[in-house]
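*Asks:* Structure provided below as structure tokens; questions to follow.
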Protein chains: 2
Amino acid sequence: MKTRLGSRVTALFGLDYPIFQGGMAWLGTAELAGAVSAAGGLGIIGAGAAPPDWVAGEIAKVRALTGRPFGVNVLLVSPHAPGIVELVCRERVPIVTTGAGNPGPYLATLRAAGVKVVPVVSSVSLAVRLVRAGANAVVAEGEESGGHIGQTSTLALVPQVVDALAAAGTPVPVIAAGGIADGRGLAAALALGAEGVQMGTRFVCAIECIAHPAYKQAILKAGDRATAVTGQTTGHPVRAIRNVLTREFERLEAAGTPKDEIEEFGAGRFRAAALDGDTVRGTLIAGEISGLVRSIDSAAVILESTVRQAEAILGRLGGDVK
Amino acid sequence: MKTRLGSRVTALFGLDYPIFQGGMAWLGTAELAGAVSAAGGLGIIGAGAAPPDWVAGEIAKVRALTGRPFGVNVLLVSPHAPGIVELVCRERVPIVTTGAGNPGPYLATLRAAGVKVVPVVSSVSLAVRLVRAGANAVVAEGEESGGHIGQTSTLALVPQVVDALAAAGTPVPVIAAGGIADGRGLAAALALGAEGVQMGTRFVCAIECIAHPAYKQAILKAGDRATAVTGQTTGHPVRAIRNVLTREFERLEAAGTPKDEIEEFGAGRFRAAALDGDTVRGTLIAGEISGLVRSIDSAAVILESTVRQAEAILGRLGGDVK
């Protein structure tokens, strides 16, 4: 135990720090997930749209790097989702987080295999439904996060999820995500009633993240109004750093372009940004908190500095109370 | 001094609690502002589009209710703004907050008259500019707030404003607004580096607020996804509880209706909701945090319970650090 903060989360998942790394497609590789887990946080392999074989390889690589707990993020809209669920059960992956949908159908299977399940939710009602169905915890993700987003901010969402789970008689831990990149965010999340945080954007800028250097630089250069949300008209809004591409999306949407064409237009754009460094016409997925990310650090430094900063803040504010 | 939390804000403005009441048009009357100030927070008369005579009357009524400091919110787009600035200087109103624009032209006048000036800002750049021009503090307002909003959430905005003011050598207090309705929000705001909070939605549901009972009930009944943002196409987005009116706005905007027609369509709708209780075709201005507002309380109870809850949270979390 390297901190007493978020102790229910660290105990439940076997961590030193109550910090999850967001399970990002393309970027949540064994390099990053292994480094985060080895340093005492929860590293998460982002399955994205990848096939089970790729995920199996990443699981093996993480296990070669560390004996600590790690997770796999299952993107529920992926055609490979059933195969990946089967894989993580067979491999006894300790933790699964799920994104983009309702993991209800897989919950019982995963739990029966001893896998802890932590859905990422952006509304109170889904949180309550999934915890009733057996989820061990939830990540409550505010709309300030990067990528696919909901409609409620972290500050408003987290306490409402905490209250609703308590009222339902299922007060499992809530992990806050969206708008968190340092110890201030962790301390704020704990104040709201969360017992841990998930960070995505900050970990994109980890040394161990394979993101293209130009993508990392785009985050480091971003200010407080750097991101835009596109795809509102398709029903699948995405937050990313403004560039030529987001302006093209905005033009297409304003012109009433059919949903299919817009989604087609966006295909492959995140990979182009993340791996090829196309900062002009790639989707530079990043959260509103990009403006706070100012350096590229190792996963271990990110975890340690975040927790120590939160402890310093809470120690000082706690001292003001006495 | 009724709390040691936010002591720079309470000392600067002469308060017991580091809590501002949002200076809402129509609802920020002497009844509410006087009650908040009398109880040790900062009550604020919302000038809105009202003429100086009305504001002068409210100032007199607040002074009849309490000798404690209070403020006037000057809506900079109001045609009456110059007259109201003259009035608050003449009346030596202790504090002015400003909304909807850049108060730069009035800053020197207000400061020269001994009025403390606290602009409401939704971006880092405006915060830095106005503090350099002489603002005594800033309210950093996230897009989860009700009414006219910016584009960055409170969780992301506040630490970025704090850092930028420190970097500029002008570390005045930052007051967080948007998404805050209880002691969890206050504790989180302090963790982010704010030294106080402003609450709007919660104070709409104060006993002393003249808002129509049906409007208060709409907030009490709201859930986490109850609000919508309309007016994106006009460049003046507004957050309000979803109803027939917000859906009509959405239809008009999707149909490419000219900006002037949309703004015309919205004229008078807030007054209809706030005072006449038109919950169907009135603009039910409210923040994302509406889902957390569950009771109608006196201003004194709102202030006291918010601070005591924040103290309990910070005392407990501070204890985890030792």
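The values are calculated or read from the model by the stated rules, or taken from the named source; none is laboratory data. The structure displayed is predicted, hence computed values, not measured ones. We place every Cβ from the backbone using ideal geometry, glycine too, and count neighbours over all the protein chains shown. Side chains included, ligands, DNA and RNA excluded: accessible areas come from the protein's heavy atoms. Shrake-Rupley method; radii C 1.70, N 1.55, O 1.52, S 1.80 Å.
*Asks:* Residues of the range B:1-37 losing 20 Å² or more of accessible area relative to the isolated chain, 1.4 Å probe, heavy atoms only?
*Replies:* B:Arg4, B:Leu5
*Asks:* Also, I was wondering about something else. Under the rule a/c < 1.5 gives rounded, and otherwise a/b versus b/c splits prolate from oblate, where does the range B:139-262 land using the Cα gyration tensor?
*Replies:* It comes out oblate by the Cα gyration axes.
*Asks:* Taking the Cα atoms of the range B:227-285, report the difference between the largest and smallest coordinate on each principal axis, in whole Å and largest first.
*Replies:* Rounded to whole Å, the extents work out to 30, 19, 16 Å.
*Asks:* Can you give the mean number of other chain Cβ atoms that lie within 10 Å of the Cβ atoms in peptide B:222-229?
*Replies:* Mean number of neighbouring Cβ atoms from other chains: 5.
*Asks:* Would you list which aspartates and glutamates come within 13 Å of A:Lys322, measuring only between C-alpha atoms, while excluding same-chain residues fewer than 8 positions from it?
*Replies:* B:Glu311
*Asks:* Let me ask something else about it. For the range A:282-300, state which residues have at least 40 Å² less accessible area in the presence of all protein chains than in their chain by itself, taking the probe as 1.4 Å and leaving out ligands, DNA and RNA.
*Replies:* By number: A:Glu288, A:Leu292.
*Asks:* Oh, and also: Using a Gaussian network model of chain A with C-alpha springs under 10 Å, which one of A:Asp278, A:Asp182, A:Asp260 is most mobile by mean-square fluctuation?
*Replies:* Comparing A:Asp278, A:Asp182, A:Asp260 in a Gaussian network model of chain A, the most mobile one is A:Asp260.
*Asks:* Limiting things to C-alpha atoms, what are the Rg and the maximum Cα-Cα separation (Dmax) for chain A, in angstroms?
*Replies:* Over chain A's Cα set, Rg and Dmax evaluate to 18.4, 60 Å.
*Asks:* Over the Cα atoms of the range B:114-192, what is the Rg over Rh ratio if Rh follows Kirkwood?
*Replies:* Using only Cα positions, Rg/Rh for the range B:114-192 is 0.95.
*Asks:* Using a probe radius of 1.4 Å on protein heavy atoms only, what is the accessible area buried between chains B and A, both sides summed, to the nearest 100 Å²?
*Replies:* 3900
*Asks:* Quick check on chain B: of the DSSP beta bridges with both residues there, what percent are antiparallel, nearest 5%?
*Replies:* 20
*Asks:* Please give every one of the lysines within straight-line cross-link reach of A:Lys259, meaning a C-alpha to C-alpha distance under 25 Å, and leave out same-chain neighbours fewer than 8 residues apart.
*Replies:* Straight-line reach from A:Lys259, under 25 Å: B:Lys259.
*Asks:* With a 1.4 Å probe and all protein chains left in place, how much of the accessible area of the protein assembly as shown comes from carbon and sulfur atoms, in whole percent?
*Replies:* Ligands and nucleic acids excluded, carbon and sulfur give 55 percent.
*Asks:* For chain A, calculate the relative contact order in percent as a whole number, restricting contacts to Cα pairs under 8 Å that are 6 or more residues apart.
*Replies:* In percent, rounded to a whole number, it is 17.
*Asks:* Provide the percentage of antiparallel DSSP beta bridges, counting only those with both residues in the protein assembly as shown; round to the nearest 5.
*Replies:* 20
*Asks:* Please give the residues from the range B:191-209 for which the solvent-accessible area of heavy atoms, probe 1.4 Å, is smaller by at least 40 Å² with all protein chains in place than with the chain isolated.
*Replies:* Buried by 40 Å² or more upon assembly, which counts only protein chains, are B:Ala191, B:Leu192.
*Asks:* Also: Accessible area per residue of the protein assembly as shown at 1.4 Å probe, in Å²?
*Replies:* Counting only protein heavy atoms, the per-residue value for the protein assembly as shown is 35 Å².
*Asks:* At q = 0.10, 0.16, 0.19 Å⁻¹, what log₁₀ I(q)/I(0) does the range B:1-150 have when each alpha carbon counts as one equal point scatterer in the Debye sum?
*Replies:* Log10 of I(q)/I(0), two decimals: -0.30, -0.81, -1.17.
*Asks:* Size of the protein assembly as shown along its principal axes in angstrom, Cα-based, largest extent first?
*Replies:* 74, 58, 46
*Asks:* Sticking with this one: Rounded to the nearest 500, what is chain B's calculated 222 nm mean residue ellipticity when only DSSP H runs of at least 4 contribute -39500 (n - 2.57) each, over all residues?
*Replies:* After summing the helix terms and dividing by residue count, I get -13000 deg cm²/dmol.
*Asks:* Mind telling me which of B:Val124, B:Val96, B:Val197 comes out most flexible in a GNM of chain B, alpha-carbon contacts under 10 Å?
*Replies:* Result: B:Val124 has the largest fluctuation of those listed.
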